[in-house]
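*Asks:* Pasting a structure here, questions to come.
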2 protein chains.
Amino acid sequence: MKILGIIGGMGPQATIDLYQKITDHTAATRDQDHLHILIDSYPQIPDRTAHICGSGDDPLPYLVRSARRLEAAGAELLLMPCNAAHHYIRALRERTILPFLHIADCAIAALSTRCPPGSRVAVLSTRGTRHSGIYRDALQQAGYHPVEPDEAQTAALMRCIYDGAKAGNTAAYAPLLAETVATIAADSLILACTELPLFLPWWQDSRPVIDSTDALARAAVAAAQETS
Amino acid sequence: MKILGIIGGMGPQATIDLYQKITDHTAATRDQDHLHILIDSYPQIPDRTAHICGSGDDPLPYLVRSARRLEAAGAELLLMPCNAAHHYIRALRERTILPFLHIADCAIAALSTRCPPGSRVAVLSTRGTRHSGIYRDALQQAGYHPVEPDEAQTAALMRCIYDGAKAGNTAAYAPLLAETVATIAADSLILACTELPLFLPWWQDSRPVIDSTDALARAAVAAAQETS
């Protein structure tokens, strides 16, 4: 069984959500059946969107320090419950010897079990993730038509994520999320920001919704249990 | 700001509960306002109650390994969301240079703000914690009358904790918890097992209820923010 290492705190509630989903997806009837997980909840990592969009401190050295702490503690497989942080994953992979799960790979694998190639997939994310192109490129490679929210829709999503979920006001911003997403023409939706699944107790959509945190959790449980 | 180190996974759901409560009790409107927390969710630590009561592997070497991992990763203050694990805290303190918050101290400090000395305090715990005497001794020193559940009541609490919370059947065991606690004559209750606060969505009592996880979370937030 591999020891999972989570570069977390982006934000803490999204990391709690991942930890909860890993726990829920592990078949267990007693403590000892659960996975060994190391979490570095390090909210001091600078804002990813700000840096990707050209302002603010570079998160990369912070992400590297977090990976090193997890290495030092004994982690064997790294994951990050923050989509925008994956903008830095190539540089991070060069700076750690540990393997890394990629959240977009996990989300698109989950999508492929529910929605056929050729369909339109809305990528609900921060401006940073949109700007990084992570999902656009991977969806195109997998044969899907990525649908990116326009500037007004993205501004509304940013309010839901920053003024809502990250500020502890998730329920209050659920109506804005619902209104915004309703205006996006697509066959399915990817929650490509780990703050967005936090809205699920107060928001739903009739189209298939792919939760990137849940996809990462399921992939992590499978990878940790793989016999190597 | 001190980096918190959590020896966790006893069980994982109790550690998630602590992480959630630390997050809730931190004044924050953005990621970067939150505390830096390292969590070693290590459910492979052998069962505390079994060992305290004379069977099963010794958890101490596992607890020491967890403390060392957190040290290696940079933790500055340790805490354990498991009451029974505090049976080993003296030995653990001798084996790490890091300071340690004691969950019973936190719970009794919280009790003292709500209930006067001289009153009867029921200690709801595993058989291991009861056997260790952690709460009995500390409550007597603080001038309270500890009330320990009898053998039948303890057996029922053990079922709630092991067959209920640890096995993922919390809601189903809430009626048994309610019936059992109703038969205990006391002025207030300490949830002296970190699985017991997991019942709070489905169970309440008219007497003051001290949640040891919540008390530990509040003390951890205060200690992490202390200027040293």
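*Asks:* In the range A:125-147, what residues are out of contact with any helix residue (DSSP H, G or I) (no Cβ under 6 Å at 6 or more places or on another chain) and not small (Gly, Ala, Ser)? So that I can check it myself, show each step before the final result.
*Replies:* Pass one, the range A:125-147, residues out of contact with any helix residue (DSSP H, G or I) (no Cβ under 6 Å at 6 or more places or on another chain): A:125, A:130, A:133, A:136-137, A:139-141, A:143-145, A:147.
Answer for the range A:125-147, where residues must be out of contact with any helix residue (DSSP H, G or I) (no Cβ under 6 Å at 6 or more places or on another chain) and not small (Gly, Ala, Ser): A:Arg130, A:Arg136, A:Asp137, A:Leu139, A:Gln140, A:Gln141, A:Tyr144, A:His145, A:Val147.
*Asks:* Yes or no: B:Pro59 in contact with a helix residue (DSSP H, G or I) (Cβ under 6 Å, 6 or more places away or on another chain) and either closer than 20 Å to B:Ala220 by Cα or not small (Gly, Ala, Ser) (or both)? Let's see the steps before the verdict.
*Replies:* Working: in contact with a helix residue (DSSP H, G or I) (Cβ under 6 Å, 6 or more places away or on another chain): yes; either closer than 20 Å to B:Ala220 by Cα or not small (Gly, Ala, Ser) (or both): yes.
When the stated conditions are applied, B:Pro59 passes them.
*Asks:* Output the residues belonging to the range B:34-46 that are surrounded by fewer than 22 Cβ atoms within 10 Å (Cβ to Cβ) and either β-branched (Val, Ile, Thr) or more than 7 Å from every other protein chain (Cβ to nearest Cβ) (or both).
*Replies:* B:Pro46
*Asks:* Now for a different question. Of the residues in the range B:39-51, how many are over 17 Å from the mean Cα position of the chain (by Cα) and either within 23 Å of B:Asp211 (Cβ to Cβ) or part of a loop (DSSP other than H, G, I, E, B) (or both)?
*Replies:* Result for the range B:39-51: 1.
*Asks:* Go through the range B:47-63 and give me each residue that's closer than 20 Å to A:Ala75 by Cα and surrounded by fewer than 24 Cβ atoms within 10 Å (Cβ to Cβ). Lay out the reasoning, then the answer.
*Replies:* First, the residues of the range B:47-63 that are closer than 20 Å to A:Ala75 by Cα: B:61-63.
Answer for the range B:47-63, where residues must be closer than 20 Å to A:Ala75 by Cα and surrounded by fewer than 24 Cβ atoms within 10 Å (Cβ to Cβ): B:Pro61, B:Tyr62.
*Asks:* Then there is this: Can you confirm whether A:Gly54 is more than 9 Å from every other protein chain (Cβ to nearest Cβ), of a type in the set (Gly, Ala, Ser) and over 17 Å from the mean Cα position of the chain (by Cα)?
*Replies:* So A:Gly54 fits the description; yes.
*Asks:* Residue by residue through the range B:189-213, note down the ones that are more than 20 Å from B:Ile134 (Cα to Cα), at pLDDT 95 or above and away from chain A (no Cβ under 14 Å). Talk me through it step by step, then tell me what you get.
*Replies:* Filtering the range B:189-213 down to residues more than 20 Å from B:Ile134 (Cα to Cα) leaves B:198-208.
Then keep just the ones that are at pLDDT 95 or above; that gives B:198-203, B:205-208.
Of everything in the range B:189-213, those that are more than 20 Å from B:Ile134 (Cα to Cα), at pLDDT 95 or above and away from chain A (no Cβ under 14 Å) turn out to be B:Phe199, B:Leu200, B:Trp202, B:Trp203, B:Asp205, B:Ser206, B:Arg207, B:Pro208.
*Asks:* Please find, among B:Leu70, B:Leu78, B:Leu35, the residue that is touching a residue at least 60 places away in the same chain (Cβ under 8 Å), assigned to a loop (DSSP other than H, G, I, E, B), more than 18 Å from B:Ala138 (Cβ to Cβ) and not assigned by the TED database to the domain that holds B:Ile134.
*Replies:* Working: B:Leu70 fails: assigned to a loop (DSSP other than H, G, I, E, B); B:Leu78 fails: assigned to a loop (DSSP other than H, G, I, E, B).
So the residue among B:Leu70, B:Leu78, B:Leu35 that is touching a residue at least 60 places away in the same chain (Cβ under 8 Å), assigned to a loop (DSSP other than H, G, I, E, B), more than 18 Å from B:Ala138 (Cβ to Cβ) and not assigned by the TED database to the domain that holds B:Ile134 is B:Leu35.
*Asks:* Is there a residue being in contact with a Pro (Cβ under 6 Å, 6 or more places away or on another chain) and part of a helix (DSSP H, G or I) anywhere in the range B:24-32? Steps first, please.
*Replies:* We begin by selecting, within the range B:24-32, every residue in contact with a Pro (Cβ under 6 Å, 6 or more places away or on another chain); these are B:31-32.
Cutting the leftovers down to part of a helix (DSSP H, G or I) gives us B:31-32.
Checked against the condition, which is being in contact with a Pro (Cβ under 6 Å, 6 or more places away or on another chain) and part of a helix (DSSP H, G or I), the range B:24-32 yields at least one hit.
*Asks:* Same structure, new question: Can you find even one residue in the range A:129-140 that is within 19 Å of A:Leu200 (Cβ to Cβ), within 14 Å of chain B (Cβ to nearest Cβ) and surrounded by 16 or more Cβ atoms within 10 Å (Cβ to Cβ)?
*Replies:* no
*Asks:* Here's a follow-up. Would you please name the residue that is surrounded by the most Cβ atoms within 10 Å (Cβ to Cβ), looking only at residues in the range A:81-109 that are farther than 23 Å from A:Leu139 by Cβ and in contact (Cβ under 8 Å) with a residue 24 or more places away in the chain?
*Replies:* That would be A:Thr96.
*Asks:* Within the set of pairs 6+ apart or on separate chains, which have a first residue in the range B:160-188 that is within 13 Å of chain A (Cβ to nearest Cβ) and more than 24 Å from B:Leu111 (Cβ to Cβ), a second that is part of a loop (DSSP other than H, G, I, E, B) and acidic (Asp, Glu), and C-beta atoms under 7 Å apart?
*Replies:* Filtered contacts from the range B:160-188: B:Lys166/B:Glu195.
*Asks:* Then there's this: Can you name the residue in the range B:11-33 that is of a type in the set (A, V, I, L, M, F, W, C) and touching a strand residue (DSSP E or B) at 6+ places or on another chain (Cβ under 9 Å) and, of all such residues, is surrounded by the fewest Cβ atoms within 10 Å (Cβ to Cβ)? Steps first, please.
*Replies:* Taking the range B:11-33 as the starting set, the residues that turn out to be of a type in the set (A, V, I, L, M, F, W, C) are B:14, B:16, B:18, B:22, B:27-28.
Next, only the ones that are touching a strand residue (DSSP E or B) at 6+ places or on another chain (Cβ under 9 Å) stay: B:14, B:16, B:18, B:22.
On the way: B:Ala14: 27, B:Ile16: 21, B:Leu18: 27, B:Ile22: 27.
Once the filter is applied, the top-ranked residue is B:Ile16.
*Asks:* Scan the range B:1-15 for residues that are outside any helix (DSSP H, G or I) and within 8 Å of chain A (Cβ to nearest Cβ) and report the count. Give the steps one after another, and end with the answer.
*Replies:* Filtering the range B:1-15 down to residues outside any helix (DSSP H, G or I) leaves B:1-11.
Filter again for within 8 Å of chain A (Cβ to nearest Cβ), leaving B:9-11.
Residues flagged as outside any helix (DSSP H, G or I) and within 8 Å of chain A (Cβ to nearest Cβ) within the range B:1-15 amount to 3.
*Asks:* If you go through the range A:16-33, how many residues are within 8 Å of chain B (Cβ to nearest Cβ) and within 15 Å of the chain's Cα centre (by Cα)?
*Replies:* Within the range A:16-33, residues that are within 8 Å of chain B (Cβ to nearest Cβ) and within 15 Å of the chain's Cα centre (by Cα) number 3.
*Asks:* Which of (1) on the phi < 0 side of the Ramachandran plot; (2) surrounded by fewer than 20 Cβ atoms within 10 Å (Cβ to Cβ) is the odd one out, the single condition B:Leu189 does not satisfy?
*Replies:* So the condition that B:Leu189 fails would be (2).
*Asks:* Considering each residue of the range A:41-60, count those that are free of Cβ contacts under 8 Å to residues at least 60 places away in the same chain and farther than 11 Å from B:Asp31 by Cα, and give that number.
*Replies:* Of the residues in that region, 7 qualify.
*Asks:* In a helix (DSSP H, G or I), closer than 30 Å to B:Thr227 by Cβ and basic (Lys, Arg): which single residue out of B:Arg93, B:Arg65, B:Arg114 fits that description? Lay out the reasoning, then the answer.
*Replies:* On the way: B:Arg65 fails: closer than 30 Å to B:Thr227 by Cβ; B:Arg114 fails: in a helix (DSSP H, G or I).
The unique qualifying residue is B:Arg93.
*Asks:* Oh, and also: Could you please let me know if B:Ser66 is surrounded by fewer than 19 Cβ atoms within 10 Å (Cβ to Cβ) and either more than 7 Å from every other protein chain (Cβ to nearest Cβ) or over 14 Å from the mean Cα position of the chain (by Cα) (or both)? Don't jump to the end; show me each part of the working.
*Replies:* On the way: surrounded by fewer than 19 Cβ atoms within 10 Å (Cβ to Cβ): no; either more than 7 Å from every other protein chain (Cβ to nearest Cβ) or over 14 Å from the mean Cα position of the chain (by Cα) (or both): yes.
Considered against the rule, which asks whether it is surrounded by fewer than 19 Cβ atoms within 10 Å (Cβ to Cβ) and either more than 7 Å from every other protein chain (Cβ to nearest Cβ) or over 14 Å from the mean Cα position of the chain (by Cα) (or both), B:Ser66 comes out as no.
*Asks:* Separate question: Taking the range B:197-208 as the region of interest, how many residues are buried (at least 19 other Cβ atoms within 10 Å of the Cβ) and out of contact with any strand residue (DSSP E or B) (no Cβ under 6 Å at 6 or more places or on another chain)? It would help to see each step written out before you state the result.
*Replies:* First, the residues of the range B:197-208 that are buried (at least 19 other Cβ atoms within 10 Å of the Cβ): B:197-199, B:203.
Right, trim to out of contact with any strand residue (DSSP E or B) (no Cβ under 6 Å at 6 or more places or on another chain) and you get B:198-199, B:203.
Matching residues across the range B:197-208 total 3.
The values are calculated or read from the model by the stated rules, or taken from the named source; none is laboratory data. These numbers come from a predicted model, not from an experiment. FYI the Cβ positions are ideal-geometry reconstructions off the backbone, even for glycines, and counts take in every protein chain you see.
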